[in-house]
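One structure is given below, encoded as structure tokens.
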Amino acid sequence: MHRFQISSSIRTHNKSTSTKGKVFEDIVEKVLCDKGWKVLVRNFHSHQGEIDRLFQMNDEYIIVEVKGVSANIHSYIESSFDIRKIRRILGTYDYWCYKNGVFDKDARLVLAIVTKKDGLFIVKLLNIRV
């Protein structure tokens, strides 16, 4: 697990879920781009689901699912990020590959969890084994 902190005056209180999601996705993108990751895709949709972000780092593709969490991270992961969700994300990645002529390219799946504490956004990256 990797942990990053970002100082920010961005307010997420009283915003819609989709607006908060975009804010969290943008925060994660900034953190990862600052670490040298290149954004390939933002919010790619298929009939199976959505990829929040697809990055490339060197020769590796990394699918990033972004979640803003205000409570216990472990209870979120256990209740909301199950094998069905993982299959939908991977199916969407397969569709993106097909549409973009990318063949035989596996990707790593990372769950980016964003929390806010004492005015700082904290981004935790968890590698998901599939």
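Rounded to whole numbers, the Karplus 3J(HN,Hα) couplings from phi for segment 20-27 are 4, x, 5, 4, 5, 4, 5, 5 Hz, using 6.51 cos²θ - 1.76 cosθ + 1.60 with θ = phi - 60°, and x at Gly and Pro.
Could you please report the charge total around Asp59, scoring K, R as +1 and D, E as -1 over all other residues with beta-carbon less than 15 angstrom from its beta-carbon? Intermediate results must be reported in sequence, preceding the final value.
Details: positive: Lys38, Lys105, Arg108; negative: Glu60, Asp104, Asp106.
That sum, taken over residues with Cβ under 15 Å, equals 0.
Rounded to the nearest 5, what % of the DSSP beta bridges within segment 19-124 are antiparallel ones? Working shown, then result.
Working: 16 of 24 bridges.
Within segment 19-124, antiparallel bridges account for around 65 percent of the total.
Electrostatic bookkeeping for Tyr93 treats Lys and Arg as +1 and Asp and Glu as -1; over the other residues with beta carbon under 12 Å from its beta carbon, the sum is +1.
One decimal place: the segment Asp59-Lys85 gains 6.8 nm when fully extended, by the rule 0.36 nm per residue minus the C-alpha distance.
With the simple model of a label 7 Å out from the Cα in the direction of the Cβ, Lys38 to Asp118 spans 3.8 nm.
Pairs from the table (Lys85/Lys117; Lys38/Lys117; Lys20/Lys124; Lys22/Lys116; Lys67/Lys99) lying more than 24 angstrom apart at Cα are Lys85/Lys117; Lys38/Lys117; Lys67/Lys99.
Where Lys and Arg each count +1 and Asp and Glu each count -1, what net charge lies around Leu109 among other residues with Cβ under 12 Å from its Cβ?
Cβ neighbours under 12 Å give a net charge of +2.
Residue ranges 99-108, 50-59 sort as 50-59, 99-108 when ordered by packing (mean number of other C-beta atoms within 10 Å per residue, highest first).
Just so you know, all these numbers are worked out from the coordinates, no wet-lab data involved. The shown structure was predicted, so the numbers you read here are calculated from the model rather than taken from an experiment. Neighbour counts are summed over all protein chains in view; Cβ atoms, including those assigned to glycine, are modelled from backbone coordinates with ideal geometry.
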